[in-house]
Amino acid sequence: MQNRREFLKISAAGSAGMILFGATGCNSNVVDRKSFGVGLQLYTIRDAMSADVKGTLKKVSDIGYKNLELAGYSEGKFYGFKPAEFSKIVSDLGLVALSSHTQVESASISLDKAKLMADSHAELGVKFCIKPWIEPVDRNIESYKKMIGDVNEVARITKGVGIQFGYHNHNFEFHNVDGIVPYFDLFLPGMDASLVTMELDLFWASKAGQDPVAMFKKYPGRFQLLHMKDMLTKQAPFYEVIKDDICSVGAGVIDFQAILAAKETAGTKYIFVEDDNQGNGKPFEGIETSIKNLTTKILKS
């Protein structure tokens with residue numbers, strides 16, 4: 001009887017353990033995706049965010065993303081919520097609002113707007129604010145020079161509240177204009193390295209014929225953030241913003257392992273998955289593929 005009682009105790013404990021741990025308890029191949037700290041740029045799922053902020057963020061968390069880069073700031077609010085409200089939504093889901101894309105155009109910048117932006121983001125608790133885009137009308141040498149001065153000024157304001165300002169590229173910044181390549185000849189030397197970091201978009205840099213690893217070696221420590229998006233085909237360098245070749249991370253031809261092997265030289269701290277095309281109509285399938293490939297193949301190697 002004593003042996004039988006001990007057997008039943010052990011059996012019951014084993015059954016409880018199976019229920020508690022599920023597949024993770026008996027399958028060493030199960031991956032805790034959140035432990036990798038992969039981020040998602042919410043522009044990737046912008047239509048879903050417009051329709052249902054809370055429900056969409058829950059899906060993002062359930063898929064396994066940890067960090068968020070926002071694309072919905074306006075006049076002191078985030079996706080229509082006050083900073084404290086949005087912060088609670090995010091934290092309740094086990095997510096972290098780490099970065100935010102905030103448009104700062106030279107034609108409309110004001111110190112009051114910059115201060116409101118900085119204070120709102122500080123209340124939310126983000127670590128980075130990133131300028132993501134330059135309008136076509138401003139893509140000329142003189143506008144670039146003025147923008148760089150403005151970016152440095154805004155970066156001083158955000159630094160004052162503990163936020164790192166940054167710049168996110170596309171491919172047009174690498175286009176040689178009368179012997180000047182704006183990204184290398186104006187942006188990197190002109191944007192104060194103590195104030196402004198670069199968020200290198202690996203897809204757009206690759207489309208412009210750039211080698212990210214070579215860039216890291218030439219400008220070490222300048223790239224705290226990376227945008228992870230893949231491309232289906234290798235093409236001759238081009239400088240128009242054409243999005244048709246974007247695909248999920250790991251589904252294309254970019255060698256992310258080689259790039260990430262140089263992340264310490266780059267100064268990279270965080271990565272964000274992005275798909276400008278919203279997965280060609282299947283955004284959640286797209287971000288599922290990206291994080292699966294990152295956590296089972298690319299980051300584990």
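Readers should treat all values here as calculations from the given coordinates under stated rules, not as data from a laboratory. Just so you know, these numbers come straight off a predicted model, no measurement behind them. Don't worry about glycine lacking a Cβ; one is built from the backbone with ideal geometry, like all the others, and counts go over all protein chains shown.
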**Prompt:** How high is the relative contact order of region 113-209, in percent, with contacts defined as C-alpha pairs under 8 Å that are six or more residues apart?
**Reply:** 33
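For residue 288 and residue 269 in the same chain, what is the full-extension length gain: residue separation times 0.36 nm, less their Cα-Cα distance, in nm?
Going from the current span to full extension adds 4.6 nm.
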**Request:** Specify which residue in the list 260, 136, 35 is farthest towards the positive end of the charge dipole of the chain, using unit charges on the beta carbon of Lys, Arg (+1) and Asp, Glu (-1), about the Cα centre.
**Result:** 35
**Item:** Residue of 271, 141, 130 that the Gaussian network model of the chain assigns the largest fluctuation, springs spanning Cα pairs under 10 Å
**Value:** 141
**Fill in**
Fewest to most Cβ atoms within 10 Å: 175, 101, 121 sort as 175, 101, 121
**Request:** Please report the relative contact order for the chain, taking Cα pairs under 8 Å with a sequence separation of at least 6, and give it as a percent rounded to a whole number.
**Result:** 16
**Fill in**
For P(r) over Cα pairs in 20 Å bins from 0, in percent, with candidates (1) 32, 54, 11, 4, 0; (2) 23, 44, 24, 7, 2, 0; (3) 34, 57, 9, the value calculated from the shown model is option (1)
**Fill in**
Note on the chain, DSSP bridge orientation, antiparallel percent to nearest 5 equals 20
**Request:** Take 112, 185 and order them by how many other Cβ atoms sit within 10 Å, fewest up front.
**Result:** 112, 185
**Prompt:** How big is the charge dipole of the chain about its Cα centre, in debye rounded to the nearest 20, if each Lys and Arg gets +1 on its Cβ and each Asp and Glu gets -1 on its Cβ?
**Reply:** 1380
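Given region 192-297, what percent of its DSSP beta bridges are antiparallel, to the nearest 5?
Numbers: 2 of 9 bridges.
Of all bridge pairs located within region 192-297, approximately 20 percent are antiparallel.
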**Request:** Quick one: order 142, 69 by neighbouring beta-carbon count within 10 Å, fewest to most.
**Result:** 142, 69
**Request:** Round to a whole angstrom and tell me the spacing of the C-alpha centers of region 41-57 and region 120-163.
**Result:** 24
